[in-house]
Amino acid sequence: MNQATLVTDKTANDSVAITLQGSWTIGNTIPDPGQLAALANVNSITTVVFITAEDFAWDSRLLAWLMAAQRQLGSCLFDLSALPAEVGDLFRLANTVPASQVRTPERQTLKQKCLAGIARLGDEVLGLLAFIGDMFIALGRWLIGKSTARWSDILTFCYQCGPSALAIITLQSVLVGMILGYLGVVQLRQFGAEVYVSDLVGVGMVREMGALMTAVIMSGRTGAAYAAGLGTMQVNEEIDALTTLGIPPMDNLVLPRTLALLLTMPLLCLYSNILGMVGGGLVATSMDITWLLYLHQLRDAITITDIATGVFKGFVFALLIAMAGCRAGLECGRSSAAVGQATTRAVVTALIYLIIADAGLNILFFHLGV
Amino acid sequence: MNRDVAIDVRQLTLMYGSNLIQSDLNFQVRRGDVFVIMGGSGCGKSTLLKHMVGLYQPAAGEILFDGHSYFTASSAQQSAMRQRWGVTYQGGALFSDKTLAENVAMPLEEYTTLNRRDIADMVRYKLALVGLAGFEHFYPAQISGGMCKRAGLARAIALDPDILFFDEPSAGLDPLSARRLDDLILQLGHSTGATVVIVTHELASIFAIGSNGVFLDATTKTQLATGSPQHMLDHCEHARVKEFLTRGE
């Protein structure tokens with residue numbers, strides 16, 4: 001294959017003849033379009049006549065090169081009559097519709113970016129508050145029996161949130177219990193107080209880890225599923241269809257999902273607490289503490305208040321996960337990529353809400369003395 | 001108020017965020033019309049339809065149904081207005097976790113006091129009307145795109161609406177299926193006395209079924225012509241309308 005080259009031959013003061021030689025095809029090296037531009041600029045040329053040598057071959061590569069050269073030359077006229085007719089046709093076709101003058105947004109200064117960021121944060125907070133308001137109105141409608149939310153939907157979602165999640169919650173809880181167990185045994189052994197590992201595991205699970213870790217699992221499992229499900233409905237115009245049927249999405253879609261999570265999460269937390277203590281027990285009994293001693297110590301360590309705080313946290317977390325998931329789904333864009341973004345947004349916001357809420361609740365409980 | 005006018009659009013401006021879609025729209029849909037909203041791709045036809053059915057609030061102007069605006073109505077009035085509308089969407093917009101029968105039954109369960117058996121009978125009848133008898137227990141994913149559209153139509157006519165809105169009913173269908181769907185829309189419109197508002201850019205449909213219409217332009221962002229498609233073709237001076245209606249030939 002012959003190397004693509006161009007040979008210039010000045011024919012008159014304002015025009016130049018360019019001979020294209022070799023293969024101007026994909027897979028070949030071709031001269032830089034800037035070469036032509038430099039030539040034209042130096043010699044104030046207004047017309048470029050292209051001619052071909054005998055070994056000339058071409059494909060889209062030549063056309064792309066011609067377009068690039070023309071962009072750089074601006075007002076210069078290209079005479080393609082000596083090239084194969086198809087080249088001229090394709091070149092004209094590509095130039096039929098002038099490039100649209102889409103305004104690229106101006107670059108923002110740092111200050112503008114900061115202000116825009118603050119505005120977005122404000123919008124986010126306002127949107128969140130509006131969503132919470134709508135959710136409570138829908139809940140109110142449901143409580144006075146004026147909602148279209150159906151028990152069959154609620155029960156279906158309950159099954160998805162509860163029994164279907166038991167396996168992963170089991171695994172997670174036993175392992176977290178064991179982690180707490182090892183942590184406790186190693187630290188407490190330094191004071192010869194290994195027996196208090198039950199206190200650490202028990203109180204740790206019941207007040208904190210049971211609810212928090214269950215919530216983390218559920219935000220990845222259920223929150224993401226809510227966002228993806230509602231997002232896909234948005235893409236398929238199902239939510240529009242529901243709205244025009246006069247069925248508010250808040251009542252029919254968000255409420256059953258939220259109620260299902262609210263009903264199942266506290267139960268999952270209790271389940272997680274028990275299994276966490278079993279996990280801790282497995283560690284403790286492998287370190288010369290008998291099950292009897294472990295359980296006895298556990299009974300003294302945990303109060304009803306501890307359990308209640310954990311369950312209450314589960315309740316709050318359920319609300320936050322459902323809210324993050326449903327909101328991301330309902331506000332999803334209209335493309336498949338948007339569904340992916342909605343799912344990510346659901347999980348990330350849920351985790352942020354969880355951490356903030358957990359910290360807030362702990363501060364509150366500390367000051368309330370519970 | 002003119003009793004013949006089903007929908008009166010006055011000085012309507014449509015925006016999407018800060019993007020102007022269409023402005024200064026003025027037209028009337030007469031009772032019994034098959035009203036075609038036409039125009040090139042991306043000119044805002046579907047957006048106009050979504051404003052008409054109350055999904056988006058107009059930036060300015062009003063859309064009056066028998067003299068009443070949806071957005072200023074009380075929620076009871078809004079619900080009553082919605083019951084008089086049937087809307088179909090581009091892809092059918094069937095609820096994917098429900099069977100065709102459950103989809104069609106939804107508006108009936110929502111707005112009527114019929115018992116289960118009567119609802120099942122109604123559903124069977126409506127599905128038979130659109131040629132889907134026997135598909136009651138199929139899920140939307142198990143049937144073809146054309147069938148989804150017809151099932152969407154069955155759901156839209158579940159409550160015997162006065163006004164039927166169609167968003168690109170024949171888009172994505174082969175010419176024969178598209179033609180059959182057009183015929184079905186016409187037949188249903190005639191026999192139920194419903195007013196039909198239809199968004200389409202299919203020329204065959206426009207001339208076959210349209211008795212009145214509006215032409216939206218993407219460049220000037222407003223309407224260029226109103227009237228029946230044939231009238232537009234014969235009398236409209238505007239080059240873009242003529243070009244569109246003759247496929248530029």
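Every number in this text was worked out from the coordinates using simple rules, so none of it is lab data. What you are looking at is a predicted structure, and each value in this text was computed from that prediction instead of being measured. Glycine also receives a Cβ, built like all others from the backbone with ideal geometry; neighbour counts cover every protein chain displayed.
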How much length, in nm to one decimal, is gained on full extension between A:Y159 and A:E124, taken as 0.36 nm per residue of separation minus their Cα-Cα distance? 9.4 nm
Is the shape of region A:287-336 best called rounded, prolate or oblate, per the rule: a/c under 1.5 gives rounded, else a/b larger than b/c gives prolate, else oblate, with a ≥ b ≥ c the square roots of the Cα gyration tensor eigenvalues? oblate
How big is the convex hull of the Cα atoms of region B:53-116, per residue, in Å³? 117
Rounded to a whole number of µm²/s, how large is the Stokes-Einstein D of chain B at 10 °C and 1.306 mPa s, given Rh as the Kirkwood radius over C-alpha pairs? 85
Region A:190-280: which chymotrypsin sites (Phe, Trp or Tyr not before Pro) are DSSP loop and have at most 13 other beta-carbon atoms within 10 angstrom? A:F191
Beta bridge orientation in region A:5-94: antiparallel %, DSSP, nearest 5: 35
Just how large is the dipole of region B:162-232 about the Cα centre, in debye to the nearest 20, putting +1 at every Lys and Arg Cβ and -1 at every Asp and Glu Cβ? 120
Which whole-number percent gives the relative contact order of chain A, counting Cα pairs below 8 Å spaced six or more residues apart? 17
Loop sites only, by DSSP: take the GluC sites (Glu not before Pro) in chain A that have at most 10 other C-beta atoms within 10 Å and name the longest stretch containing none of them. A:107-370
Rounded to the nearest 20 Debye, what is the dipole magnitude of chain A about its Cα centre when Lys and Arg each give +1 and Asp and Glu each give -1 at the C-beta? 940
Place +1 on the Cβ of every Lys and Arg and -1 on the Cβ of every Asp and Glu in region A:147-368, take the dipole about the Cα centre, and give the residue among A:A308, A:Y353, A:G184 whose Cα lies farthest towards its positive end. A:Y353
In region A:43-108, the chymotrypsin sites (Phe, Trp or Tyr not before Pro) that fall in loop regions by DSSP, at most 15 other Cβ within 10 Å: none
Hey, got the Cα dimensions of chain A along the principal axes, in Å, largest first? 105, 59, 41
Which percent, nearest 5, of DSSP beta bridges in the protein assembly as shown are antiparallel? 45
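More than 47 angstrom separation, counting every C-alpha pair in the protein assembly as shown; what % is that? Show your work: numbers first, answer last.
On the way: 78630 of 191271 pairs.
Here the tail beyond 47 Å accounts for 41 percent of pairs.
Relative contact order of region A:231-370: what whole-number percent is it, with Cα pairs under 8 angstrom and at least 6 residues apart?
34
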Among A:L6, A:G340, A:L39, which residue has its Cα furthest toward the positive end of the charge dipole of chain A, with +1 on Lys/Arg Cβ and -1 on Asp/Glu Cβ? A:G340
Which residues among region A:166-194 fall inside the zone where the amide N is under 19 Å from a point 7 Å beyond the Cα of A:L282, along Cα→Cβ? A:166-186
Linear extension gain, B:S191 paired with B:H231, 0.36 nm per residue minus alpha-carbon span: 11.9 nm
Could you tell me what fraction of 2.2 N^0.38 Å the Cα radius of gyration of region A:95-233 comes to, as a two-decimal ratio? 1.75
Angle check, please: helix A:110-143 long axis (alpha carbons) against the longest principal axis of chain A (alpha carbons), in degrees 0 to 90, nearest 10. 50
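So what is the diffusion coefficient of region A:147-368 in µm² per second by Stokes-Einstein at 20 °C and 1.002 mPa s, using a Kirkwood Rh over Cα pairs?
Answer from the Stokes-Einstein relation: 116 µm²/s.
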Positive dipole terminus of chain B, leading residue within B:H137, B:L153, B:N103 (C-beta point charges): B:H137
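If each residue of separation counts as 0.36 nm, what is the full-extension length gain between A:L175 and A:K10 once their alpha-carbon separation is subtracted? Intermediate values should be presented prior to the final figure.
Working: separation 165, 0.36 × 165 = 59.40 nm, distance 8.18 nm.
The A:L175-A:K10 span can extend by a further 51.2 nm.
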Two-site FRET efficiency, B:F138 against B:R180, from Cβ-Cβ distance with R₀ of 25 Å, rounded to 0.05: 0.80
For region A:74-141, listing trypsin sites (Lys or Arg not before Pro) in a DSSP loop whose Cβ sees at most 16 other Cβ atoms within 10 Å gives A:R103, A:R107
Descending Cα extents along the principal axes, region A:5-94, whole Å: 32, 26, 22
Over chain B, what is the relative contact order in whole percent, taking alpha-carbon pairs under 8 Å and six or more residues apart? 26
Using a 10 angstrom cutoff on alpha carbons, build the Gaussian network for chain B and name the most mobile of B:S205, B:S228, B:S177. B:S177
Total formal charge among the other residues, if their Cβ is under 10 angstrom from that of A:M233, Lys/Arg +1 and Asp/Glu -1: -4
Just to be sure I understand: of the beta bridges DSSP finds with both ends in chain A, what percent are antiparallel, rounded to 5? 35
Cα centre as origin, Lys/Arg/Asp/Glu Cβ charges: the protein assembly as shown dipole, Debye: 1080
Rounded to the nearest 10 degrees, the helix B:145-156 long axis (Cα) sits at an angle to the longest Cα principal axis of chain B of 80
In degrees between 0 and 90, to the nearest 10, how far off the longest principal axis of chain A does helix A:224-235 point, with axes built from Cα atoms? 40
